[in-house]
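A.B. asks: Structure provided below as structure tokens; questions to follow.
The values are calculated or read from the model by the stated rules, or taken from the named source; none is laboratory data. Please read all numbers here as calculations on a predicted model, not as lab measurements. Counting neighbours? That spans all protein chains shown, and the Cβs are built from the backbone with ideal geometry, glycine included.
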Amino acid sequence: MSRYKKPFSVIKPMKFGLRIPSLKKRIAARTSAKRFVRHSLGLKAPRGWGWITDPKRALYNRIYNRTTRGCLILLMGLSGAMFCVVFLLINLMP
């Protein structure tokens, strides 16, 4: 994997549907040196300022977050449905 980030225009086309979780990417994002320096120096822009700092990325993220769903949503829906079935079965037993 390259050490340098690709320009934003080279990133893959927009994704639709369920997001696939990646533990490796989650850990890499939390332990990057760039993030550590920015947080320790207090150089963060307030929430919602993405339109000012990087409008292209802010637009991409807004569309991505509205057109995809996390896998936890699916799991919560399935667990809720299973709870309803179990609840109905318990109440129907004599």
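A.B. asks: Taking region 28-54, which residues are in a loop (DSSP other than H, G, I, E, B), small (Gly, Ala, Ser) and surrounded by fewer than 10 Cβ atoms within 10 Å (Cβ to Cβ)?
C.D. replies: If we filter region 28-54 for residues that are in a loop (DSSP other than H, G, I, E, B), which is where we start, we get 31-32, 42-49, 54.
Those left that are additionally small (Gly, Ala, Ser): 32, 42, 45, 48.
Of everything in region 28-54, those that are in a loop (DSSP other than H, G, I, E, B), small (Gly, Ala, Ser) and surrounded by fewer than 10 Cβ atoms within 10 Å (Cβ to Cβ) turn out to be Gly42, Gly48.
A.B. asks: Ok, one more. Being at pLDDT 85 or above and surrounded by 10 or more Cβ atoms within 10 Å (Cβ to Cβ) narrows it down to one of Arg19, Arg57, so name that one. Before you say what the answer is, go through the steps one by one.
C.D. replies: Details: Arg19 fails: at pLDDT 85 or above.
The unique qualifying residue is Arg57.
A.B. asks: For region 60-70: of the residues being outside any loop (DSSP other than H, G, I, E, B) and in contact (Cβ under 8 Å) with a residue 24 or more places away in the chain, which is surrounded by the fewest Cβ atoms within 10 Å (Cβ to Cβ)? Can you show your working first?
C.D. replies: Start the filter on region 60-70 by keeping residues that are outside any loop (DSSP other than H, G, I, E, B), which leaves 60-69.
Retained after the next criterion (residues that are in contact (Cβ under 8 Å) with a residue 24 or more places away in the chain): 60, 63-64, 67-69.
Details: Tyr60: 14, Ile63: 13, Tyr64: 13, Thr67: 11, Thr68: 14, Arg69: 14.
Residue satisfying both the conditions and the ranking: Thr67.
A.B. asks: List, please: which pairs have Cβ atoms under 7 Å, are six or more places apart or on different chains, and start with a residue in region 39-53 that is more than 20 Å from Ile63 (Cβ to Cβ) and end with one that is in a helix (DSSP H, G or I) and β-branched (Val, Ile, Thr)?
C.D. replies: Ala45/Thr53
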